[in-house]
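The values are calculated or read from the model by the stated rules, or taken from the named source; none is laboratory data. Worth saying up front: this structure is predicted, and the values here are computed from it rather than measured. Ideal geometry is used to build each Cβ from the backbone, glycine not excepted, and the neighbour counts take in all protein chains shown.
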Amino acid sequence: MGSGTYDTYFHYCTDGITILIAVALTIAILLTSSKGNPLDVGITPELLPLQWSNNCPKSASSCPPSFEGIPPLLLVSVDGFRADYLDRGLTPTIEKLSLCGVRTPYMQPVFPTKTFPNHFSQVTGLYPAWHGIVDNFMNDTETRKIFKLGKSSILEPFWWEAEPIWVSAVKQGKKAATYFWPGSDVKINGTRPTYYKNYSSSVPFEERVDQVHRWLDYPPSDRPSVITLYFNEPDSSAHSHGVYSKEVDEALVKVDRAIERLFAGLQMRNLTDCINVFITSDHGMTDISCSRSINIGKFVDVSTVRNTEGPMGRLQVLEEANTSLEAVLQELRCRDEHMRVYFREQLPVRAHYSNHRRIEPIFIDVDSGWNLLRREPKVGEWKCSGGMHGYDNLWPDMRAFFTAIGPSLKRNFSAEPFINTELYELMCELIDIVPNPNNGTKGGLHHLLKAPGQPLEEEETLRIPTRGFAMHDPSAAECPCNPVPNTQLNTSTPLGLHLPFGVPDSTTENDHLLLLQNSDYVLAYNTLQRMAAWVAFTLPSQANFSDSNNICWAGDPRVPTDKTAKCTDYDSLFFKEKSILQGSLYPIGFSGALTQAESMFVTNSIPKSVNHTVLEAKMIDILSRWSVEEGPVHVLTGPAFDLLATGIKPSPHDFENANRGPLLIPTHMFLVITWCLDKKADLQDCDPHRLRANAFLLPNWPFSVNCEIPEKIIKENEARVVDVEKLTGFSLYKALHVYEVVRLRTSLPNDYWKTFA
């Protein structure tokens, strides 16, 4: 079995004697299996129709004695099942199961929305750049090997740089079985699943399902704790014929019948409420056509570059070519409104697709439904017909499917969408194994469970940064204006006004921060970097913004003279060459005449690129309209430094190596906007479950110019709150209950902000 060979198939004629022999042999096999001899002989009894009760498969009053204890986990993948395929009415079994168990409107795939990266992310909890499977096709620059579907090289363990759940289960003393899954037939970290199959798309769906039943028939000592099951439809049909074809409809019916067979077999064994079943997909799908193709051969000499085609392009300049990456990028930039070009390090942080050698230096992003080619396509050519996936995971037609049912899961429960890297932590908990470090969130999906086996504990709150008092010489900042009187600065504004959800917390930064309280905002000043770490403020209802053309910066007497930022820092040649300006964190125009001078402290200034100021102006306009139309809005904003393009806060050593000017220029500016659905006058009075958040990591410097309007750039650089936390090192919402904190951290980007754009 462990060798991956297929079961022996027995073919019987239909005369009465042979049928009796077949029935007797079937009974004997089931009895033998129950005694502890797990035999794979390819015979499954005829299944009765699946019986339902209120959208749920009927279940026995109790599980068989051999299923006492931790329920097995079955992870089912229906490749290319778009989230909205359920609306076609062709999958009644899957629809009922989703109504019975837990469901989401969709599950977000990881970037890019390709099959192998997303399947491996589900079972490792890692982004592709962390687990090494960055695409279905890859070049490894160190070994010069090629990863290509259908080639034996994909079975080489070195491609697979993370440990999937089946390997962890085996290493921790459990059994694991896989009926197809990318990586499941590879010896990863020296280990394969206990039972597995070498991939073949020709294996009937019925046989795949029946093998799962047989694995569940094994005695407890041989039975797998985790099983994966993979169906290659409707993906295959959609690629060939398109999303809206009859072939896809037929494939949906076929998959639904396979799921019905799966649960009928569970029902026959009295196991419908004894095993946790996750039904997922890896990505969505969209139609393409030759009329929506972009030929990069019109812009660059394709003989000088190597690049991938299709829903995205990863491009490398050939060694012998007489050109450079910078020259190629400039030739491609702003050439087509449906195409964006980046150095990989400058991709939106939320993509988490920059820090691996298998990702080429230039990334070409195209709109969903568009196709990147190296030459003009011929009419009807396969390269530009049928269906396609692999686009940015923000596109709605790339959304994947998720539903789950089982004894550990809630009934008839609808949850908010989540990204598929969150599955791994939950699956490890359900089968009681220790997860490996991952990009998911411990407890991030606990709300799907009837009762978490390991409830989260409240997070420890560290001390608040030391408050700064006006006791230093402000002239050390070398700024043109005088500060407000010290007596005014030493008067505290209650922290709760501008920090209703607690002070951002850091295990490494708090010792270097000074908390500077002002009338209109609270600022944490980093004495090591000589700039603000964050600014927090609450915009009340009717918070109109007035342009401040006469900004006159002043020193801040609350900062020691040897730690202060200087206005003269911004006069450096380095800043001028890079078009870096002295910009404000708290928008000065939100202050009234009596408090505006407090907004012009040098501590409220930060190096901003000219290109970023366009985004800043748009965000200020959005915030102003938001507060006027819907009440108070809380904003936390500050610098972020993605110096290594990892999405993780750099080490002190990395900061030192990157400091090439008088002040370190942030790569991004983060914003976390929090509001209450009930439009409370005071955000502290809002029911925490009614709080919502939008997060952004907006590019500052370097800035990829793609000739887009600000709204599009802002949309492309949305993020989750957890992305901001990882990059800045701060933990947010510390005053809230731990599960509300987790909910806000992991919520997917939403477009509520666009209401005011």
Fill in: Residue tally, condition touching a strand residue (DSSP E or B) at 6+ places or on another chain (Cβ under 8 Å), small (Gly, Ala, Ser) and at positive phi, over the range 148-180
0
Worksheet entry | Complete set of residues in the range 709-727 that are under 26 Å from residue 508 (Cα atoms) and part of a helix (DSSP H, G or I) | 721, 722, 723, 724, 725, 726, 727
Worksheet item: Of these, 734, 754, which one is part of a loop (DSSP other than H, G, I, E, B) and within 27 Å of residue 447 (Cβ to Cβ)?
Response: 734
Worksheet item: Is at least one residue of the range 386-409 farther than 30 Å from residue 73 by Cβ and not in a loop (DSSP other than H, G, I, E, B)?
Response: yes
Discussion item. Suppose the filter is over 21 Å from residue 118 (Cα atoms), assigned to a strand (DSSP E or B) and at pLDDT 95 or above; does residue 279 pass it?
Written reply: no
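So which residues in the range 494-510 are in contact (Cβ under 8 Å) with a residue 24 or more places away in the chain and either part of a strand (DSSP E or B) or not hydrophobic (A, V, I, L, M, F, W, C) (or both)?
Step one: of the range 494-510, the residues in contact (Cβ under 8 Å) with a residue 24 or more places away in the chain are 495-510.
Selection gives 496, 498, 500, 502, 504, 505, 506, 507, 508, 509, 510.
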Worksheet item: Taking residue 462, is it in contact with a strand residue (DSSP E or B) (Cβ under 7 Å, 6 or more places away or on another chain), aliphatic (A, V, I, L, M) and either at pLDDT below 95 or in a loop (DSSP other than H, G, I, E, B) (or both)?
Response: yes
Practice prompt. May I ask you to list the residues in the range 533-551 that are out of contact with any helix residue (DSSP H, G or I) (no Cβ under 6 Å at 6 or more places or on another chain) and at pLDDT 95 or above?
Written response: 533, 534, 535
Worksheet item: Within the range 563-584, is there a residue that is surrounded by fewer than 21 Cβ atoms within 10 Å (Cβ to Cβ) and farther than 27 Å from residue 655 by Cα?
Response: no
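Checking the conditions here, which among 212, 253, 248 is closer than 18 Å to residue 67 by Cβ, at pLDDT 95 or above and not in a loop (DSSP other than H, G, I, E, B)?
Details: 253 fails: closer than 18 Å to residue 67 by Cβ; 248 fails: closer than 18 Å to residue 67 by Cβ.
Being closer than 18 Å to residue 67 by Cβ, at pLDDT 95 or above and not in a loop (DSSP other than H, G, I, E, B) holds for just one of 212, 253, 248, which is 212.
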Worksheet item: So which residues in the range 656-676 are under 24 Å from residue 610 (Cβ atoms), at pLDDT below 95 and not in a loop (DSSP other than H, G, I, E, B)?
Response: 658
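Mind checking which residues of the range 642-655 are part of a loop (DSSP other than H, G, I, E, B) and in contact with a Leu (Cβ under 7 Å, 6 or more places away or on another chain)?
642, 647, 648, 649, 650
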Response to the item:
Condition set crowded, with 22+ Cβ neighbours inside 10 Å and not acidic (Asp, Glu), scope the range 233-242, selection farthest from residue 400 (Cα to Cα): answer is 237
Discussion item. Can you tell me how many residues within the range 677-704 are more than 27 Å from residue 584 (Cβ to Cβ), at pLDDT 95 or above and of a type in the set (D, E, K, R)?
Written reply: 2
